[in-house]
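The structure under discussion is supplied below as structure tokens; questions concerning it will follow.
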Amino acid sequence: MILERFSMLDRIVAHDAETLTAEATLPLESPVFEGHFPGFPILPGVLMIETMAQAGGWLMVSRLAFERMPLLAKVGEAKMRGMLRPGDAVTIEAKLVHDGSGYAVLAGRIRDAAGKPVADAEYTLRTLPFPEESLRALVRARGTELGLP
């Protein structure tokens, strides 16, 4: 996971048309942890939401065959159930709830290494055509790095 680049997933381990599962390990050091909180670093809740949204984004990119790009449009019913510390390994799940009219509603969840839920949210992604072919190519290349076929 590289927080400063908002690259929140390390690898995609499973996916189909309706669900995606990814894994990530929080870095041992990051400027994010220096201020959140000094002496007791934890991953901010907003970055947990971003992590879930990225998992859903990869699900939608795959589902839409790299024809459209997802952008976070709305977050609802987000719950932070625990803390994540530097070095923690997590599993991120995204499940499609609804897809239509250029919007997709997804349910996301982060689990710790023991399988305990740490965060969950329902969120909406807006899907738009890629504005440039070069961006589509970069997204496709990053998807390949993550393990997305």
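In percent, what relative contact order does the chain have, based on Cα pairs under 8 Å that are 6 or more apart in sequence?
Values: 307 pairs, mean separation 38.0, N = 149.
This gives 25 percent for the chain.
Between beta-carbons, use under 12 Å as the cut-off and find the net charge around L84, counting Lys and Arg +1, Asp and Glu -1.
Summing Lys and Arg as +1 and Asp and Glu as -1 gives +2.
OK, next. Loop only per DSSP, at most 16 neighbouring Cβ atoms within 10 Å: give me the chymotrypsin sites (Phe, Trp or Tyr not before Pro) in region 45-149, ordered by residue number. Before the final figure, lay out the partial values.
Numbers: sites: W58, F66, Y103, Y123; in loops: F66.
Sites meeting the loop and neighbour criteria: F66.
By counting other Cβ atoms within 10 Å of each Cβ, how are T25, T51, T144, T127 ranked from fewest to most?
Fewest-to-most ranking of T25, T51, T144, T127: T144, T25, T127, T51.
Just to confirm the number: angle between the C-alpha axis of helix 133-146 and the first principal axis of the chain, 0 to 90 degrees, nearest 10?
On a 0 to 90 degree scale, this one is about 50.
Let me ask something else about it. Once Cα extents along the principal axes in Å is worked out from the coordinates, which option in (1) 56, 29, 23; (2) 50, 33, 32; (3) 44, 30, 24 does it equal?
Of the listed options (1) 56, 29, 23; (2) 50, 33, 32; (3) 44, 30, 24, (3) comes from this structure.
Taking 0.36 nm per residue of sequence separation and subtracting the Cα-Cα distance, how much length would be gained by fully extending the chain between A78 and L64, in nm to one decimal?
Difference between extended and current length: 2.5 nm.
Considering the dipole of the chain built from charges on the beta carbon (Lys and Arg +1, Asp and Glu -1) around the Cα centre, which of F66, M1, A89 is farthest to its positive end?
Highest projection toward the positive end goes to F66.
About its Cα centre, what dipole magnitude does the chain give when the only charges are +1 on Lys and Arg Cβ and -1 on Asp and Glu Cβ, stated in debye to the nearest 20? Show your work: numbers first, answer last.
On the way: 16 positive and 19 negative charges, 40 e Å.
In debye, rounded to 20, the chain gives about 200.
Can you tell me the length gained on complete extension of the stretch A89 to L71, counting 0.36 nm per residue apart and subtracting the Cα distance?
3.9 nm
Relative to the longest principal Cα axis of the chain, at what angle does helix 45-63 sit, 0 to 90 degrees, rounded to 10?
Taking Cα atoms only, the helix is inclined about 30 degrees.
Where a number appears in this text, it was derived from the coordinates with a stated rule and is not lab data. Note that the structure is a prediction, hence the values are computed from the model and not measured. Backbone-built Cβ (ideal geometry, glycine too); neighbour counts: all protein chains shown.
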